[in-house]
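Below is one structure; the comments refer to it alone.
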Amino acid sequence: MTDVQPPAPAPDLRQLAWNNVIHAEGTRAVFARRYAALRRWTRVRDVLGLVIPIIVAFLFTTDWVQKFAAYKTLALAFLSFAALAQGLIVVWSILSKWDEELAYSTRAMRDSADIRESWRDVGQGLVADIPQSFAICQTRQRLLDSHDDEKGITAWEMQLGMRAGLIACQRNCRCGELPHSRKPPRTPAKACIICGGN
């Protein structure tokens with residue numbers, strides 16, 4: 001007579017949903033950080049686009065207003081610097097597709113926040129049918145992840161995202177630590193490849 005093994009316990013879907021809350025919040029934090037950086041640089045590019053015509057207008061007035069003539073050399077130096085800076089930033093923004101990346105980061109933040117709340121509802125048991133809601137969220141999550149994977153999230157960004165998710169949910173990492181800050185320390189007392197350590 002053979003021993004009959006009991007069936008393996010089904011995974012706790014609510015616990016898995018809470019794990020996905022952490023990951024969704026991490027993804028939102030990564031793209032929020034990218035969005036903020038891109039927004040700063042696009043503002044610099046746009047401000048330089050306004051500064052150059054202002055300097056050019058000032059240079060034209062130096063021929064008519066004698067008081068401004070003394071500043072003509074300084075204005076030319078500023079114009080040269082601003083034109084060079086704007087040219088480099090515009091080329092960088094075109095090659096790096098800032099406008100597309102900015103639009104994607106905006107959408108990714110919104111989608112990640114939305115799926116995070118859906119996972120949270122499953123985790124808290126606020127849905128009528130937990131297995132069905134879990135399956136729907138899982139399908140949506142896979143689709144979002146497939147798009148995000150194309151954006152080349154780095155290992156450091158993954159650590160930042162994990163830290164953001166753990167802090168938001170007040171959960172310890174697998175290393176047993178709750179991150180103390182949003183960024184991992186340069187030389188952690190206790191290192192961790194998942195969250196970066198403390």
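Each value in this text was obtained by applying a stated rule to the coordinates, not by laboratory testing. Source: prediction; values computed, not measured. FYI the Cβ positions are ideal-geometry reconstructions off the backbone, even for glycines, and counts take in every protein chain you see.
Relative to the longest principal axis of the Cα atoms of the chain, the long axis of helix 98-123 makes an angle of roughly 30 degrees.
Applying the Kirkwood pairwise sum to the alpha-carbon positions of region 157-198 produces a hydrodynamic radius of 9.7 angstrom.
On the beta carbon distance between A168 and A36, with R0 = 25 Å, the FRET formula returns roughly 0.90.
In the chain, taking the dipole from charged Cβ atoms about the Cα centre, the farthest positive-side position among Q132, G49, A108 is held by G49. Take every Cα pair under 8 Å whose residues are at least 6 apart in sequence, average their separation, divide by the length of the chain, and the relative contact order is 31 percent. Taking the centroid of alpha carbons for each part, region 157-198 and region 113-145 are 24 Å apart.
Put a plus charge on the Cβ of each Lys and Arg, a minus charge on the Cβ of each Asp and Glu, and nothing anywhere else: the dipole of region 157-198 about its Cα centre is then about 60 debye.
Pick from A17, A155, A32: which is most flexible by mean-square fluctuation in a GNM of the chain where alpha carbon atoms under 10 Å apart are linked? Per the Cα network of the chain with a 10 Å cutoff, A155 tops the list. Shape annotation for region 70-124: C-alpha extents along the principal axes are 70, 24, 10 Å, from largest to smallest. Net charge of the neighbourhood of P184, taken over other residues with C-beta under 12 Å away and scored Lys/Arg +1, Asp/Glu -1, is +3. Relative to the current alpha-carbon distance between A189 and A85, full extension at 0.36 nm per residue lengthens the span by 33.3 nm. Using only alpha carbons, the chain has a radius of gyration to Kirkwood radius ratio (Rg to Rh) of 1.24.
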